[in-house]
Amino acid sequence: MANVIRRQTPAARLGRGLLYGVLILAALFYILPLVVMLMTSVKPLSEISAGTLLSLPQNPTLEPWAKAWGEACTGMRCDGIGGYFWNSFAIVIPAVLISTTIGALNGYALTKWRFKGSELVFALMLFGCFIPFQVVLLPMAQTLGWLGISSSRAGLILVHVVFGIAFTTLFFRNFYVGIPNELVSAAKLDGAGFFRIFWRILLPVSAPIIVVSVIWQFTQIWNDFLFGVAFSAHNTQPVTVALNNLVNTSTGVREYNVDMAAAMIAALPTLVVYVLAGKYFVRGLTAGSVKG
């Protein structure tokens with residue numbers, strides 16, 4: 001069968017060119033703040049004072065980055081944001097792993113081991129997606145005090161796990177609805193139990209939704225400021241709180257290059273996550289978008 005070559009009309013080519021032009025302009029518009037931050041972070045302070053916002057660095061330097069990491073003042077202490085950067089990782093990694101694991105088990109139980117009232121339980125859990133964080137600050141502070149983990153990393157991890165479970169349960173529940181129940185029924189007939197079925201059947205096909213859950217939780221927890229400032233002490237604060245303290249600390253001349261370098265350092269992990277795994281995030285969402 002002969003191949004038919006379709007030639008685009010001039011109007012179609014013009015329309016496509018206009019579409020690409022609009023998309024390129026939109027991309028440039030959204031990336032411009034990041035470019036400005038990056039250029040400012042490698043400029044000496046003298047260039048910032050003498051130049052314009054969009055002027056290119058004449059003598060690029062990484063000194064502002066070094067100062068932001070290890071010397072900048074974040075309140076009463078002047079040891080940079082490096083320690084707080086690792087604090088954020090110490091909070092994010094266990095919180096993401098725990099909330100993703102619990103969400104996966106919840107989604108599995110609500111779809112493949114349904115019980116009387118399971119739909120009501122799921123509906124009640126969804127309320128957690130819509131509760132304003134400010135509403136629970138006082139009850140959560142009291143709970144952390146009762147548990148003896150207030151102003152600690154463990155307390156912050158617990159807070160993020162509790163608030164992340166609603167979202168991870170939603171992700172996994174919608175994904176597992178699309179997996180045939182016959183697979184689970186057959187495994188039950190063969191004598192497999194709750195965890196064996198989950199480990200052998202559900203978990204191997206869960207990679208797309210695990211990626212979604214991990215990226216979502218990592219981004220939400222890393223970028224959190226409210227819980228970090230409310231439930232942490234100085235030595236357990238995440239990098240977002242340290243960044244706020246750095247920007248609002250006045251010790252003479254405002255060092256915009258150091259501020260921008262600190263902001264870039266704080267944003268770097270989430271940027272890397274989205275650049276490396278962004279397409280998998282979209283695939284995972286679409287994989288569960290038509291289920292249930």
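Quick one: which of 239-248, 73-82, 25-34 comes out on top by average Cβ neighbours within 10 Å, and what's the full order, highest first?
Numbers: 239-248: 21.4, 73-82: 17.1, 25-34: 10.2.
Packing order, densest peptide first, comes out as 239-248, 73-82, 25-34.
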Give me the dipole magnitude in Debye, nearest 20, for the chain about the Cα centre, with unit charges on the beta carbon: positive for Lys and Arg, negative for Asp and Glu. 1240
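Could the peptides 88-99, 13-24 be put in order, highest first, of the mean number of other beta-carbon atoms found within 10 Å of their residues? Don't skip to the answer; put the middle values down first.
Numbers: 88-99: 20.0, 13-24: 10.4.
Going from most to least packed, we get 88-99, 13-24.
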Estimated Rh, the stretch 3-61: Kirkwood, alpha-carbon pairs, angstrom: 14.6
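Ignoring ligands, DNA and RNA, what percent of the accessible area of the stretch 3-61 is carbon or sulfur (1.4 Å)? Numbers along the way, then the final one.
Working: 3460 of 4850 Å².
Roughly 71 percent of what the probe reaches on the stretch 3-61 is carbon or sulfur.
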What are the radius of gyration and Dmax of the stretch 74-119, computed over its Cα atoms and given in Å? 19.0, 57
When ligands, DNA and RNA are left out and all protein chains stay put, how many square angstrom of accessible area per residue does the chain have with a 1.4 Å probe? 58
Starting from the Cα gyration tensor of the stretch 1-145, multiply each eigenvalue by 5, take the square root, and state the resulting semi-axes largest first in whole Å. 43, 39, 15
With 5 Å bins from 0: P(r) over the stretch 83-155, alpha-carbon pairs, percent: 3, 12, 13, 18, 22, 15, 10, 4, 1, 0
Applying the Karplus parametrisation 6.51 cos²θ - 1.76 cosθ + 1.60 with θ = phi - 60° to the phi angles of the stretch 131-141, what ³J(HN,Hα) value in whole Hz is obtained for each residue in order, glycine and proline being reported as x? 7, x, 4, 4, 5, 9, 4, 5, x, 5, 4
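Volume per residue, Å³, of the convex hull around the alpha-carbon atoms of the stretch 35-91?
Details: hull volume 5.7 nm³, N = 57.
That works out to 101 Å³ per residue.
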Spelling out what I want: for every residue of the stretch 221-226, take phi, set θ = phi - 60°, compute 6.51 cos²θ - 1.76 cosθ + 1.60 (Karplus), and round to whole Hz; glycine and proline get x. 6, 4, 7, 5, 10, 4
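So what is the diffusion coefficient of the chain in µm² per second by Stokes-Einstein at 25 °C and 0.890 mPa s, using a Kirkwood Rh over Cα pairs?
Numbers: Rh = 22.6 Å.
The estimated diffusion coefficient comes to 109 µm²/s.
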Cα-centred dipole magnitude for the stretch 159-261, charges only on beta-carbon of K, R (+1) and D, E (-1), debye, nearest 20: 320
Calculate for the chain the 222 nm mean residue ellipticity that helices alone would give, adding -39,500 (n - 2.57) per DSSP H run of length 4 or more and normalising by residue count, nearest 500 deg cm²/dmol. -22000 deg cm²/dmol
Placing +1 on the Cβ of each Lys and Arg and -1 on the Cβ of each Asp and Glu in the chain, which of V42, T143, N59 has its Cα farthest towards the positive end of the resulting dipole? T143
Which of the lysines could a cross-linker span from K67 if the Cα-Cα distance has to be under 18 Å and same-chain partners fewer than 8 positions apart are dropped? K43
Hey, in the chain, which Cys have no second cysteine's beta-carbon closer than 4.7 Å? C129
Hey, what do the phi angles of the stretch 206-216 turn into as Karplus ³J(HN,Hα) couplings, whole Hz, using 6.51/-1.76/1.60 and θ = phi - 60°, x for Gly and Pro? 9, 3, x, 7, 5, 4, 4, 5, 5, 5, 4
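The values are calculated or read from the model by the stated rules, or taken from the named source; none is laboratory data. Since we're looking at a predicted model, the values are computed, not measured. When we count neighbours, we look across all protein chains shown, and the Cβ atoms used for this are built from the backbone with ideal geometry, even at glycine. Side chains are part of the model used for accessible areas, which takes the heavy atoms of the whole protein and leaves out ligands, DNA and RNA. Shrake-Rupley method; radii C 1.70, N 1.55, O 1.52, S 1.80 Å.
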